[in-house]
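Q: Please find one structure pasted underneath; my questions will follow.
The values are calculated or read from the model by the stated rules, or taken from the named source; none is laboratory data. It should be emphasised that the depicted structure is a prediction, and the values quoted were computed from it without experimental measurement. Using ideal geometry, Cβ is built from the backbone for each residue, glycine included, and neighbour counts are taken over all protein chains shown.
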Amino acid sequence: MNYFEYRHDQLCAEDIPIAELARRFGTPFYVYSARTLRRHFRVFDEAFAGTDHLICFAMKALSNLSILKLFASMGAGFDIVSGGELMRCLRVGADPGKIVFSGVGKTDEEIAAALTARILMINVESGPELHHINQVAGRMQFRAPVSLRVNPDLDPGTHPHISTGHRDSKFGVPLAQVHEYYAEARGLPNLELVGLSTHIGSQITDTAPFNEAAEKVKAIVSGLRSAGVALKYLDLGGGLGIPYQEEPPAPAEYARVLLKPIRDLGLRIITEPGRVIVGNAGIFVTRVLYVKETDVKRFIVIDGAMNDLIRPVLYEAYHEIRPVDRRNPGKPVVADVVGPVCESGDFLARERELAEPKTGDLLAVMSAGAYGFVMASNYNSRPRAAEILVDDTDAHLIRERDTFEDLIRGEKIVELRSR
């Protein structure tokens, strides 16, 4: 459920018409619903009630400081994948003891920053990384809390670009070598083995892969206990999908299936939801510039583009597109919705049936809260869109639209000698 609804045929974000936001802030922009964010976090957290657990929001999905502050105030932890994401968490006052650092390529500087902040644990994904963390911790006279991320070698049935649990993925250590890695880690003096981690992918709409992954890590934990390795945490990642077109299971069903094999292990369960919390809590709003017709096709040209929302071209992703004002709908047409960027891949929808808009109309690209703004770029020297957070009748500008000065910040003009 989300709080983007029509009132008198005008699309609203909670209690504010989208058209009013467009007048105030210009287009294109992202708008998020605080009411939806709170509800989605609570529903996911409540799904694990009765289990010792920690919800670590996967902030790679949406990392605006105001959003992070909201989740931190609700008791969330955070799953981070860079030093920059760590700094964002610390900037909003997040509890470092609820931060998990994932990712295959952590630098020594990032490792040192995580240890200085005293985060909960670092998820390790290779043998060389184990040794780097040990060396950095030794120089700092720390014992680094680490968890090994295992690759469970299964197909979650999602898009290849967001599938992370199959055998040839760059993520995690091979299933068959987990015990070797733990034995190696036990011999390194500056490491504290605290957990086991896995993550199989994103936008998964079937519970079977989650159950299979949980069964596999249960067997690993049992084997490690027999070998004398006592862990504290079991990090099961995230990956639960949202309804772009699909109908994924509810968080309660996801939790039931996930917990069934591992509920009695006596470990604290960590999950890393991202998209399922924020995906349907945000939309992307854009204005129609032109409707172009050729002898074979109709194009709706908008002021938003692939630099604002790259998911359709990168993941072949579907986003529903709604008119902001549906009081006087145009005739049904089939068209490509395209932006101004000089690329054939600059589209938000292809062969989409919708009511034909006219120049100046506003369109809402739904389910754009996850992997929308965070993947935006300045390609074609386009300013990134504004971000707005709505809370009942209040609209907060939580990130200003880029200016030209923002686009060239850090660049220098070098006067070269003529030759």
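Residues checked against (1) under 30 Å from Arg256 (Cβ atoms); (2) modelled with pLDDT of 95 or more:
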{"residue": "Met1", "(1), (2)": "yes, no"}
{"residue": "Gln10", "(1), (2)": "no, yes"}
{"residue": "Ile18", "(1), (2)": "no, yes"}
{"residue": "Leu37", "(1), (2)": "yes, yes"}
{"residue": "Phe44", "(1), (2)": "yes, yes"}
{"residue": "Ala49", "(1), (2)": "yes, yes"}
{"residue": "Ile55", "(1), (2)": "yes, yes"}
{"residue": "Leu65", "(1), (2)": "no, yes"}
{"residue": "Leu68", "(1), (2)": "yes, yes"}
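Q: Is it the case that Met59 is surrounded by fewer than 24 Cβ atoms within 10 Å (Cβ to Cβ) and either touching a strand residue (DSSP E or B) at 6+ places or on another chain (Cβ under 8 Å) or aliphatic (A, V, I, L, M) (or both)?
A: When the stated conditions are applied, Met59 does not pass them.
Q: Scan (1) under 16 Å from Lys358 (Cα atoms); (2) surrounded by fewer than 18 Cβ atoms within 10 Å (Cβ to Cβ); (3) modelled with pLDDT of 95 or more for the single condition Val313 breaks and write down its number.
A: (1)
Q: Continuing with the same structure: Go through (1) in a loop (DSSP other than H, G, I, E, B); (2) closer than 22 Å to Gly26 by Cβ one by one and return the number of the condition Ala364 breaks.
A: (1)
Conditions tested, residue by residue: (1) over 25 Å from the mean Cα position of the chain (by Cα); (2) buried (at least 17 other Cβ atoms within 10 Å of the Cβ); (3) not hydroxyl-bearing (Ser, Thr, Tyr).
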residue	(1), (2), (3)
Cys342	yes, no, yes
Arg352	yes, yes, yes
Ser367	no, yes, no
Asn380	no, no, yes
Glu387	no, yes, yes
His396	no, no, yes
Glu400	no, no, yes
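Q: Out of Ala370, Ala349, Ala317, Ala305, report the one residue that is part of a strand (DSSP E or B) and among the aliphatic types (A, V, I, L, M).
A: Matching residue, one of Ala370, Ala349, Ala317, Ala305: Ala349.
Q: Okay, next question. Quick check on the stretch 256-270. Is at least one of its residues modelled with pLDDT under 95, out of contact with any strand residue (DSSP E or B) (no Cβ under 6 Å at 6 or more places or on another chain) and at positive phi?
A: yes
Q: Given (1) surrounded by fewer than 20 Cβ atoms within 10 Å (Cβ to Cβ); (2) over 22 Å from Tyr254 (Cβ atoms), identify the lone condition not met by Val31.
A: (1)
Q: Among the strands (runs of 3 or more DSSP E) lying completely within the stretch 6-120, list those that include at least 1 residues that are in contact with a Gly (Cβ under 8 Å, 6 or more places away or on another chain).
A: Passing ranges, in order: 29-33, 53-58, 77-80, 99-101.
Q: What residue, of Leu267, Leu224, is in the same structural domain as Arg139 (by TED's automatic domain parsing), surrounded by 15 or more Cβ atoms within 10 Å (Cβ to Cβ) and within 29 Å of the chain's Cα centre (by Cα)?
A: Leu267
Q: Can you tell me which of Gly77, Gly103 is buried (at least 18 other Cβ atoms within 10 Å of the Cβ), more than 30 Å from Arg7 (Cα to Cα) and in contact with a Lys or Arg (Cβ under 7 Å, 6 or more places away or on another chain)?
A: Criteria check complete, one pass: Gly77.
Q: Follow-up. Taking the condition under 23 Å from Leu37 (Cβ atoms), more than 20 Å from the chain's Cα centre (by Cα) and of a type in the set (D, E, K, R), does Glu253 pass?
A: Taking the combined requirement at face value, the residue satisfies it.
Q: Conditions first: (1) over 30 Å from Ile122 (Cβ atoms); (2) part of a strand (DSSP E or B). Ile269 passes all but one, so which condition is the exception?
A: Tallying (1) over 30 Å from Ile122 (Cβ atoms); (2) part of a strand (DSSP E or B), Ile269 fails exactly one: (1).
Q: Would you tally the residues in the stretch 373-410 being in contact with a strand residue (DSSP E or B) (Cβ under 7 Å, 6 or more places away or on another chain) and not in a loop (DSSP other than H, G, I, E, B)?
A: Going through the stretch 373-410 one residue at a time, the tally reaches 11.
Q: Related question: Please tell me if Arg139 is more than 23 Å from the chain's Cα centre (by Cα), at pLDDT 95 or above and closer than 15 Å to Asp79 by Cα.
A: No, not satisfied.
Q: State which residue is modelled with the lowest pLDDT when the search covers only the stretch 197-220 and only residues that are hydrophobic (A, V, I, L, M, F, W, C) and touching a helix residue (DSSP H, G or I) at 6+ places or on another chain (Cβ under 6 Å).
A: Among those residues, the one meeting the criterion is Ile200.
Q: Taking the options Arg35, Arg7, name whichever one is out of contact with any Leu (no Cβ under 7 Å at 6 or more places or on another chain), closer than 30 Å to Asp361 by Cα, basic (Lys, Arg) and in contact (Cβ under 8 Å) with a residue 24 or more places away in the chain.
A: Answer to the selection: Arg35.
Q: Given the condition part of a loop (DSSP other than H, G, I, E, B), surrounded by fewer than 18 Cβ atoms within 10 Å (Cβ to Cβ) and in contact (Cβ under 8 Å) with a residue 24 or more places away in the chain, answer yes or no: does some residue in the stretch 275-296 qualify?
A: Within the stretch 275-296, none of the residues are part of a loop (DSSP other than H, G, I, E, B), surrounded by fewer than 18 Cβ atoms within 10 Å (Cβ to Cβ) and in contact (Cβ under 8 Å) with a residue 24 or more places away in the chain.
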